[in-house]
Amino acid sequence: MLKPVDSFVDLGLNRHIVHVLHDIGYKKPLPIQVQCIPYLLAGYDVLGMAHTGSGKTAAFILPLLHHIDCNNSFSQGLIITPTRELAIQIGKVCSNFSRYMKKINVVTVYGGQSYSIQLSALNKGPHIIVSTPGRLIDHLNRGTVDLSKLKTLVIDEADEMLRMGFIDDIERIIKHVPIKRQTALFSATLPMDIRHISYRFMHNPKEVYIRSNTNICADIRQNYWLVHGIDKREALMRFLETEDFDAAIVFVRTKYATLEISEMLEKFGHNSAALNGDMDQTVRYQTLDRLRHGRLDILIATDVAARGLDVHRISLVINYDIPINSDAYIHRIGRTGRAGRIGKSLLFVERREHRFLRNIERKINLNIPEVRYPTVKTLLACRLIKFTNKVEQQLNIDNNLDAYRSLLLQIKPKKDLTIENLAAVLLKIAQGKRPLVLPPDPITKNKLVCKMRINNNNHQNYYRVSNNRGIKNRTLSRMSDDNMNVYHISVGHNDGIKIRHIIRVLLNKIDNICYDKIGDIRLFSSHATIELAKGLYSSKILDRLSRACILNKPINIKLLGNVSSRNDMRYHGMFSKNTHVSDEITSC
Ligand code: AMP
């Protein structure tokens, strides 16, 4: 029977490597490392299906380093990555892991960096080259890179290479490396094209699968917000103000949006910056460095620019624009909750994007709970707490305020001011664009969406007030029939009544009603029935409703009984003779 692997020593890595892993605090190998490292140490080819965040970088770098012969100055290992950021990151990890291998030389080459820097580094005979495909081909064409004695080739994020159109480049590069070599290929997914590459360029690879939902998603609290009530920008600002996070990344679809959103956030005092593929490499590098070292808190990025980003401070990911597919979603949220840390992710979903949400849920095998946007009340409470904390902090640092107190007396506006009024003015000024007093949110009637179903058999208009996703969500489904009462109102289709009129009355007459308290609404020619949660039944509410009118007609609401008695013939018979009417109301 195989012995369980509890340490990197058990995996057979050399002492220099074990030493450094101990220094950086890697206590135990992660599952992908347990599975890949022994194969790679034994010289097998490996085809690994794993997402970033699973620990795959160490899984291929550690055995690569183990095999490097530092006494020979030819290039022995090549790692190809789809983006510059990933190349830089992997280059750094390589240098870090090899810090006790005195003579090792690791060089990172990528487009956007000056050739002269790269040429002088390559001249020194790197043992390991980390590169993006395009720039490597340039060097191969110029004869400034020699891969003729390469021992190990690693292709990272192969599916991304495919998506970015780099596969031909990979084939060209492979022509420059010896046929007898070790190849490791990692990919978040294994579409047929990747499989074909593995058949052509790998020799009986050992396959390793690390499922995303057993590693990435477990450590990330995921939510989605259905875009309604306030616009996305306003919602973004509110979430960023009320969520607790160390650093956040906001994903948007276009390069232009990275600039636009980051400008808006900066205007409101957030410490934010854009990251996109059009930016100069040095600026991108500096931006990531600022984020890493706490000089920047919010990054607005496109998928490509944030590929493989590994910044431990990121504890919140906001998908401002929905990702193009579920793999991109998994990649995005994988920027947080890295290697066992806890992270949060929030997905903005517009109504027309429901099916994307469902695809994602299917892929991660998880029902993502919906959250509401923070209300003005929550926002203000949050601001007040932050302000109080600031005051408290200041008092802790320095409570000798005599000089300031005397200055207060010198502030003499035209009007006479009491000290309290002055304090209020100063408070208002201090809060600037984040006032502590705001009008409450308007009631958004479209919180309720009526989904119409026409029941032709019964010739009724049949409407179910559902949650906005139009599917029964475990956390948001309406109450069971036992907990619902059915009411009769004496206005119907012939009176010109539409479902939206009924909903409007319910909203106006019942405080804080939410959609899980409303069941089916059936509209007939001369009357309608409404299902309401039993908890809403009170003489006060009934009294208010009984005096309500729709289109100037009293509705005369009456309790009929429990919904579970709907199938009761007496109840059914009362309404089934009504005529069919067609009505296309989907929201109110
Ligand atoms: P990766 O999937 O390679 O991008 O790695 C994700 C994160 O896991 C990185 O921040 C690594 O530093 C961290 N990591 C990798 N292996 C281990 C380990 N054995 N123990 C703790 N953290 C690790």
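Overview of results
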quantity	calculated
Set of aspartates and glutamates near K267 by C-alpha distance (under 15 Å), chain-local residues within fewer than 8 positions excluded	E234, E241, D297
Cut-off 9 Å between beta-carbons: net charge of the residues surrounding P374, Lys and Arg +1, Asp and Glu -1	+1
In degrees, nearest ten, helix 31-41 long axis to first principal axis of the chain (Cα)	20
Cα-based helix-to-principal-axis angle, 354-364 vs the chain, degrees rounded to 10	50
Cut-off under 5 Å, modelled amide H: who pairs with G334 long-range	none
Lysine pairs in the range 377-431 with Cα atoms under 22 Å, if 8 or more residues apart or on separate chains	8
Options L150, I61, V208, ranked by Cα towards positive dipole end of the chain, top entry (Cβ charges)	V208
Most to least accessible of D278, D289 (protein chains only, probe 1.4 Å)	D278, D289
Apportionment of accessible area to carbon and sulfur, the range 377-431, percent (1.4 Å)	61
Lysines whose Cα lies under 18 Å from that of K509, excluding same-chain neighbours fewer than 8 positions away	K445, K447, K498, K517, K534, K540, K553, K558
Contact order normalised by residue count of the chain, Cα under 8 Å, 6+ apart, percent	11
Selection from A548, Q393, L426 lying farthest towards where the dipole of the chain points positive, charges on Cβ	A548
Value at 222 nm in deg cm²/dmol, rounded to 500, when DSSP H runs of n ≥ 4 in the chain each add -39,500 (n - 2.57)	-11000 deg cm²/dmol
Share of carbon and sulfur in the accessible heavy-atom surface of the range 46-111 [1.4 Å probe, %]	48
Under the Karplus curve 6.51 cos²θ - 1.76 cosθ + 1.60, θ = phi - 60°, whole-Hz ³J(HN,Hα) for the range 241-247, x wherever Gly or Pro sits	6, 9, 7, 9, 8, 8, 10
Reachable lysines, given that their alpha-carbon falls under 28 Å from the alpha-carbon of K151 and they are not under 8 places away in the same chain	K28, K56, K92, K102, K103, K124, K175, K180, K206
Semi-axis lengths (Å, descending) of the ellipsoid that matches the C-alpha gyration tensor of the chain	57, 35, 20
The chain - accessible surface per residue (Å², probe 1.4 Å)	49
Euclidean distance of C-alpha centroids, the range 7-52 and the range 149-175, integer Å	23
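The values are calculated or read from the model by the stated rules, or taken from the named source; none is laboratory data. If you're wondering where the values come from, they're calculated on a predicted model, not measured in any experiment. Ideal geometry is used to build each Cβ from the backbone, glycine not excepted, and the neighbour counts take in all protein chains shown. To get the accessible areas, we keep the full protein, side chains included, count just its heavy atoms, and leave off ligands, DNA and RNA. Shrake-Rupley method; radii C 1.70, N 1.55, O 1.52, S 1.80 Å.
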